[in-house]
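The values are calculated or read from the model by the stated rules, or taken from the named source; none is laboratory data. Everything numeric here is computed off the predicted structure, so don't read it as measured data. Every residue, glycine among them, receives a Cβ derived from its backbone with ideal geometry; neighbour counts consider all protein chains shown. SASA here: full protein model, heavy atoms, side chains in, ligands and nucleic acids out. Shrake-Rupley method; radii C 1.70, N 1.55, O 1.52, S 1.80 Å.
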Amino acid sequence: MATTDFPSQCALVGGSTQGIGRAVAEELAQRGATVTLLARNETALREVAAALPTPVGQTHDYIVADFNEPMVLSQRVQEYLVAHPAGFHILVNNTGGPAGGAILDAPIEAFRAAFEQHLVCNHLLAQAVVPAMRQRNHGRIINIISTSVKMPLPGLGVSNTIRGAVANWAKTLSTELGPYGITVNNVLPGATVTQRHTSLIEKKVAQTGQPVEEVEAAMLKSIPAHRFGQAAEVAAAVAFLASEAASYINGINVPVDGGRTGSL
């Protein structure tokens with residue numbers, strides 16, 4: 001694998017101590033980027049940062065912040081940028097999804113919390129990193145969302161609602177930032193082996209009493225690839241969109257779902 005795709009470039013990756021976020025951080029680091037992790041668990045951040053690849057001698061870093069506290073998160077990132085005024089070339093917006101459940105049963109607070117964790121935090125992070133991107137006339141903002149942007153998923157009422165809002169925010173932003181050499185794109189993971197994937201299966205098992213194997217088999221029937229995705233496969237799509245090869249790709253949604261999504 002090439003290690004010079006992102007020479008001297010810095011990436012800020014949200015939710016990067018586990019799952020897709022961690023896979024993205026590892027992929028970008030392996031390709032030469034200097035990665036700053038962003039999550040709330042400092043012990044995990046320290047461990048992951050120390051374990052990231054350093055093929056070109058990078059020194060990786062982290063910022064401790066909780067996506068449940070948008071303004072504190074914004075403040076921490078702004079403070080970091082004061083000490084690192086060159087800023088970031090790549091922003092990967094990613095955080096854990098809302099809890100599952102029927103939309104009619106969702107309390108209003110669940111929508112508010114998810115809106116802040118996803119759209120508001122994405123917006124604040126973009127506001128923080130875009131000035132430096134504009135100055136260099138180059139930047140990449142990539143949002144990890146969900147295939148529910150194209151087709152809402154059963155039992156994920158709050159998530160379906162908020163993910164759609166994030167996708168429309170991103171499309172709007174892409175038109176505003178395109179003239180400055182900054183692209184904004186969304187990666188839409190399907191059923192991907194992560195802790196969230198496992199928790200959704202466990203919830204289904206608890207609700208139905210079905211064995212795990214039956215729940216997984218039912219899920220796999222809807223996936224033409226007949227398997228679940230791996231976080232590294234989502235990370236590869238992110239890395240491509242962050243690369244120079246994708247400089248003319250802007251404002252799109254890229255499903256990474258084994259063909260599950262039944263729309264164009």
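Give me the tail of P(r) for the stretch 111-180 as a percent: Cα-Cα pairs with distance above 13 Å.
66
Given an 8 Å cut-off on Cα distances and at least 6 residues of separation, report the relative contact order of the chain as a percent.
Details: 495 pairs, mean separation 49.6, N = 264.
Here the relative contact order equals 19 percent.
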Counting only backbone N atoms under 18 Å from a point 7 Å out along Cα-to-Cβ of His226, the residues of the stretch 247-264 in range are 257-261
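Rolling a 1.4 Å sphere over the protein heavy atoms, what is the accessible area per residue of the stretch 27-171, to the nearest Å²? Write down the numbers at each step before the final one.
Details: 6460 Å² over 145 residues.
That works out to 45 Å² per residue.
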Against the longest principal axis of the chain, how steep is helix 121-136, in degrees 0 to 90 to the nearest 10, with axes from Cα atoms?
30
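Give the average over all directions of the projected area of the C-alpha convex hull of the chain, one decimal, in nm². Display every interim value, and only then the final one.
On the way: hull surface 55.8 nm².
Average of the hull's projected areas for the chain equals 13.9 nm².
So if R0 is 35 Å, what FRET efficiency would Ala51 and Arg134 give, r being the distance between their Cβ atoms, rounded to the nearest 0.05? Don't jump to the answer; show the numbers that get you there.
Numbers: r = 33 Å, r/R0 = 0.94.
That gives a FRET efficiency of 0.60.
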Could you work out the pair-distance distribution P(r) of the stretch 57-213 from its alpha-carbon pairs, with 5 angstrom bin width and percents rounded to whole numbers?
1, 8, 16, 18, 19, 15, 10, 6, 4, 2, 1, 0
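Sequence gap at least 6, Cα distance under 8 Å: using those rules, report the relative contact order of the stretch 173-264 to the nearest whole percent. Display every interim value, and only then the final one.
Working: 102 pairs, mean separation 42.2, N = 92.
About 46 percent, as a whole number.
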Based on alpha-carbon positions alone, could you give the equivalent ellipsoid semi-axes of the stretch 202-264 from the gyration tensor, as √(5λ), descending, whole Å?
32, 12, 10
Once both axes come from the Cα atoms, what is the angle between helix 70-83 and the longest principal axis of the chain, in degrees from 0 to 90, rounded to 10?
30
Going out from 0 in 5 Å bins, what whole percent of all Cα-Cα distances in the stretch 89-147 drops into each bin?
4, 16, 23, 18, 15, 10, 7, 4, 2, 0
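Assign unit charges at the C-beta atoms only (+1 for Lys and Arg, -1 for Asp and Glu), then state the dipole size of the chain relative to its Cα centre in Debye, rounded to the nearest 20. Don't skip to the end; give the middle numbers.
On the way: 18 positive and 20 negative charges, 89 e Å.
That gives the chain a dipole magnitude of about 420 debye.
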Helix 42-51: angle to the longest alpha-carbon principal axis of the chain, degrees 0 to 90, nearest 10?
70
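Given a cut-off of 17 Å, what percent of all Cα-Cα pairs of the stretch 57-110 lie beyond it? Don't skip to the answer; put the middle values down first.
Details: 793 of 1431 pairs.
The calculated P(r) of the stretch 57-110 puts 55 percent of pairs beyond 17 Å.
Carbon-plus-sulfur fraction of the accessible area of the stretch 202-262, 1.4 Å probe, in percent? Intermediate values should be presented prior to the final figure.
Values: 2030 of 3540 Å².
Here carbon and sulfur together make up 57 percent of the probe-accessible area.
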For the stretch 213-232 and the stretch 42-64, distance of Cα centres in Å
32
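Give the carbon-plus-sulfur fraction of the accessible surface of the stretch 1-54 in %, rounded to a whole number; probe 1.4 Å, heavy atoms of protein chains only. Show your work: numbers first, answer last.
Details: 890 of 2140 Å².
Taking all protein chains in place, the stretch 1-54 shows 42 percent carbon and sulfur surface.
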Cβ neighbours within 10 Å, averaged per peptide: list 188-199, 116-127 in order, most packed at the top.
116-127, 188-199
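Which order do the peptides 70-76, 213-219 come out in when sorted by mean C-beta neighbours inside 10 angstrom, highest first?
Per-residue mean Cβ counts within 10 Å order the peptides as 70-76, 213-219.
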Please give the solvent-accessible surface of Lys150 in Å², to the nearest 10, using a probe radius of 1.4 Å with every protein chain present.
70
